[in-house]
Amino acid sequence: MPDFSKPSLEYFELLPLLIVFGTACVGVLLEAFLPRQSRRVPQVLVSLVGLAAALGATIWVAKEAKEVGGGAARGIVGAEGSVIIDGPTLYLWGLLLIFGILGVALFAERRLEGGLSAFAGQAAALPGTEAERQAATQGLDHTEVYPLLLFAIGGMLLFPASGDLLTMFVALEVLSLPLYLLCGLARRRRLLSQEAALKYFLLGAFSSGFFLYGAALIYGYAGSMSFAGIDQAVRNNTSEHWLLLTGIALLSVGLLFKVGAAPFQAWTPDVYQGAPTAVTAFMSAGTKAAAFGALARLFYVAFDGERWSWQPMLSVVAIATMLLGAVLAIVQTDVKRMLAYSAVAHTGFLLTGVIGAQGAGQLAKGQYSSLEGVLFYLTTYGFASVGAFALVTIVRDAGGEATSTAAWAGLGKRSPLVAGSFAFFLLSMAGIPLTAGFVGKWAVFTSAMSAGFWWVVLVAIVSSVIAIFFYVRHIKLMFFTDPEPGETAAVSDASLLTVGTIAICLAATVVLGVVPGPVLELVTGAGDFIR
């Protein structure tokens with residue numbers, strides 16, 4: 001008889017994960033036992049309290065880790081090697097939980113739809129049918145969106161903390177499946193929303209298949225699923241090199257799809273446009289942060305010894321992604337699609353950081369390691385993106401959200417505060433000095449330059465210049481263009497939840513641009529991934 005040992009779980013270090021998944025389960029129980037008309041307020045409160053508690057637990061764990069490590073974040077390998085809690089993990093957990101709280105606030109907005117949420121009253125009802133009209137008349141609301149959001153956040157927390165390929169795949173599916181559902185629940189433009197969800201689901205299923213096949217090949221090469229075991233095999237095994245390269249390529253497909261990199265970006269504009277804008281806002285920040293954390297851990301830990309193979313591959317992908325996102329954003333006539341292609345371009349900028357210099361010895365004063373640059377860039381872009389999409393929700397006409405760029409003409413005269421805030425978010429995305437985006441781009445570009453990838457940085461600068469064109473064009477449209485007859489949109493009165501979300505994102509973008517030092521020290525103090 002084989003001997004079985006009881007698994008050891010580090011409950012304290014895993015507390016943020018346990019709180020989020022536990023809160024999601026509580027949300028499912030609320031759906032089961034509360035009357036439909038009484039679910040919204042408890043769901044919102046439970047979600048906010050759970051995420052705030054998880055954020056507090058993350059800060060507590062990080063504080064204890066620094067005290068044990070003598071000022072440096074000391075990581076542990078927990079859950080029998082399946083979950084790794086180190087400095088970068090804790091930083092990403094805090095960032096994702098903040099984005100999650102902002103996402104719940106946007107989900108809970110009801111004033112913009114006349115007392116209803118932005119989500120369909122009955123998802124099973126076909127668009128335009130009597131069942132859909134009755135659901136709208138009765139004021140039905142899909143409060144299941146809150147536990148779905150919590151499960152997605154739980155998967156996002158687990159994704160960059162994965163210690164092996166199986167855990168990473170499970171986290172990938174846990175974060176993806178709720179998002180597939182959430183994208184198809186828009187109250188307005190139901191067909192567009194359902195089309196977006198179907199595209200996202202089908203392409204996501206294919207990318208998951210690539211990831212699994214790649215994991216199988218890597219297991220065949222290394223004889224291990226753990227990143228530490230794969231790293232040892234990469235450094236010591238000289239046979240079957242083609243198996244390693246094929247596995248890296250297939251794993252890259254799964255992760256590059258999730259971050260929206262070329263040539264796997266086709267889902268991004270359709271999903272960003274069709275999904276409820278509150279979902280788009282959360283996805284744009286949360287999914288990118290979680291996926292880049294997972295991608296960085298995979299390449300920096302498992303495949304660090306094979307840098308000479310994957311760095312050129314990611315360089316080509318970064319160049320294609322930046323140019324494609326910047327050029328295609330120019331021709332968009334829908335604000336959400338423009339921001340979607342902008343997100344594609346920012347994915348390319350982040351990949352530029354991923355291929356950058358890692359070791360402190362490679363860096364001069366004022367430069368940052370690849371991981372530090374990527375973490376800071378995810379922070380700056382996340383707040384700007386959530387704030388921009390939150391502003392999109394309050395610019396409306398008779399048909400709901402006015403996402404046509406023509407409808408935004410002259411908005412600066414009708415609502416200078418809203419137009420000015422949106423312009424500031426666009427300038428941050430463009431990387432204009434004294435905004436958070438400028439500091440973020442400086443961090444990732446200097447990292448790539450230190451590693452010798454000056455030619456990638458050159459393309460990144462060209463792409464940034466191209467991107468400035470469509471950002472400034474939209475600003476000109478808002479402040480210096482008169483609206484066409486019948487194309488005018490107005491700013492609706494939003495609740496304190498949406499206004500507070502916009503204010504927080506605006507304040508973060510200003511502070512990170514003017515006084516980035518504290519957050520840069522935080523990402524520097526987070527250290528590197530442990531092996």
Where in region 237-261 does the amide nitrogen come within less than 20 Å of the point 7 Å from the Cα of Trp308, taken along Cα to Cβ? 237-249
Fewest first, what order do Phe151, Phe389 take by the number of other Cβ atoms within 10 Å? Phe151, Phe389
Suppose a student asked you for the relative contact order of the chain, using Cα pairs under 8 Å spaced at least 6 residues apart; what percent would you report? 16 percent
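When a footprinting reagent is the concern and you count Cβ atoms within 10 Å, what order do His346, His241, His474 take, fewest first?
By the 10 Å Cβ count, ascending: His241, His474, His346.
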Along principal axes, largest first, the alpha-carbon spread of the chain in whole Å comes out as 69, 57, 43
If exposed means no more than 16 neighbouring beta carbons inside 10 Å and the site is in a DSSP loop, what's the longest run of the chain without any exposed GluC sites (Glu not before Pro)? 241-486
Extension length gain for Glu10 and Gln37 (0.36 nm per residue less Cα distance), in nm, is 5.8 nm
Dipole in debye (nearest 20) - the chain, about Cα centre, beta carbon charges: Lys, Arg +1; Asp, Glu -1: 840 debye
Can you tell me how much longer the chain between Arg111 and Asp397 gets when fully stretched, taken as 0.36 nm per residue apart minus their C-alpha distance, in nm with one decimal? 101.5 nm
Report the gain in length on full extension from Leu177 to Lys63: 0.36 nm times residue separation, minus Cα-Cα distance, nm rounded to one decimal. 37.8 nm
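If I take R0 = 51 Å and measure r between the Cβ atoms of Glu521 and Gln134 in this structure, what FRET efficiency does the formula 1/(1 + (r/R0)^6) give, to the nearest 0.05?
Plugging the Cβ-Cβ distance into 1/(1 + (r/R0)^6) gives 0.35.
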Taking the alpha-carbon centre of each part, the distance from region 247-313 to region 474-531 in Å is 23 Å
Mind running the shape call on region 1-66? Use the C-alpha gyration tensor, a ≥ b ≥ c as the square roots of the eigenvalues: rounded below 1.5 for a/c, prolate if a/b tops b/c, oblate otherwise. oblate
In whole angstrom, the spacing between the Cα centers of region 414-444 and region 150-174 equals 31 Å
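Read the figures in this text as sums done on the coordinates, not as results from a lab. Model, not experiment: these values are computed from the prediction. Here Cβ is always computed from backbone atoms with ideal geometry, including for glycine, and neighbour counts include all displayed protein chains.
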